[in-house]
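**Student:** The structure's right below; bear with me while I get my questions together.
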Amino acid sequence: MSRWISKVLAMLALNAIVLGGLAHASVVITGTRVIFPGASREVSVKLDNDGKAPALVQAWMDTGNEKAAPESIKVPFVLTPSIFRLDPGKGQTLRMVYTGEPLPADKESLFWLNVLEIPPKARSDDGTNKIQLAFRSRIKVMYRPAGLPGSAEDAPKQLRWEIVHRDGTKGYELAVSNPSSYVVNLGSVELEAAGRKHEIEPQYVPAKDSIYFPIPGLTTVPANGATVTYSSIDDWGLIRPATPAQVISNGTLH
């Protein structure tokens, strides 16, 4: 595929993110995430065209930058086929092959699978203008080395929560640390501090890493402590019951 075509498809993918709420994609991915066992050389991902028209499909992987053009991304996986036609009512299996390039052996590595659907050219027999939309679906791929300690099911319970103020930032933040070897996908996060509840946009917490959530409206460290209630999403895309946890207030981090 030429570099020009790849750039066009990447641009259409970004348009799909903006306009995706106006309609629905016809090409759907089976499952909401992919677990790639470290002991396996490849896994399969099923796609289906539930629409009434054929679609041109491009598939690629990225490392977290959703705006990166496909030809500029380097990942230790090969997807086949990477571009194909998918007729209505038909399915296609993607082969995701690990190339063997070194990845951390003590924790999961996170990648993303992108599936871009480009519909056939819109016909305007009645002389009216028609909008043609491309759609991009993007799901997580967790590469899970063999022999990791603990389990993905228990990882959410190990999260540590703190209210902090980091140098160079405005206001206070909710820091969450993940000491486990597994990526934790959060479904919901609610902080109760200083008599107020703060709804926080859930994200994911990489293995053996931390992330920070801004807390709008919190101007002081709560004198009586704080609690956070959060849910997580398991390997099958199911939301696990919400869990309450105490929050530590550490003041300023340098």
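**Student:** If you average the C-alpha positions of segment 130-159 and of segment 175-193 separately, how far apart do those two centres end up, in angstrom?
**Tutor:** Answer, in whole Å: 14.
**Student:** Which of Lys67/Lys90; Lys46/Lys140; Lys157/Lys208; Lys170/Lys208 have a Cα-Cα distance over 22 Å? Intermediate results must be reported in sequence, preceding the final value.
**Tutor:** On the way: Lys67/Lys90 29 Å; Lys46/Lys140 15 Å; Lys157/Lys208 14 Å; Lys170/Lys208 26 Å.
Pairs exceeding the cut-off: Lys67/Lys90; Lys170/Lys208.
**Student:** What FRET efficiency, computed as 1/(1 + (r/R0)^6) with R0 = 45 Å and r the Cβ-Cβ distance, is obtained for Glu66 and Ala223, rounded to the nearest 0.05?
**Tutor:** Values: r = 41 Å, r/R0 = 0.90.
According to the calculation, E is roughly 0.65.
**Student:** Between Tyr204 and Ser177, what is the label-point separation in nm under the 7 Å Cα-to-beta-carbon projection?
**Tutor:** About 2.3 nm, to one decimal.
**Student:** Each residue of segment 73-87 in order: what ³J(HN,Hα) in whole Hz does its phi give by Karplus 6.51 cos²θ - 1.76 cosθ + 1.60, θ = phi - 60°, with x for Gly and Pro?
**Tutor:** 9, 10, 9, x, 9, 10, 9, 9, x, 9, 8, 6, 9, 10, 6
**Student:** Shifting gears a bit: How large is ³J(HN,Hα), in whole Hz, for each residue of segment 30-46 in order, when computed from phi with the Karplus curve 6.51 cos²θ - 1.76 cosθ + 1.60 and θ = phi - 60°, using x for Gly and Pro?
**Tutor:** 6, x, 10, 6, 10, 9, 9, x, x, 7, 9, 8, 8, 10, 10, 10, 9
Quick note: the coordinates plus some simple rules give every number you see, no bench work behind them. In this text, all values refer to a predicted model and were calculated from it rather than measured experimentally. Please note: Cβ atoms are built from the backbone with ideal geometry, for glycine as well, and neighbour counts cover all protein chains shown.
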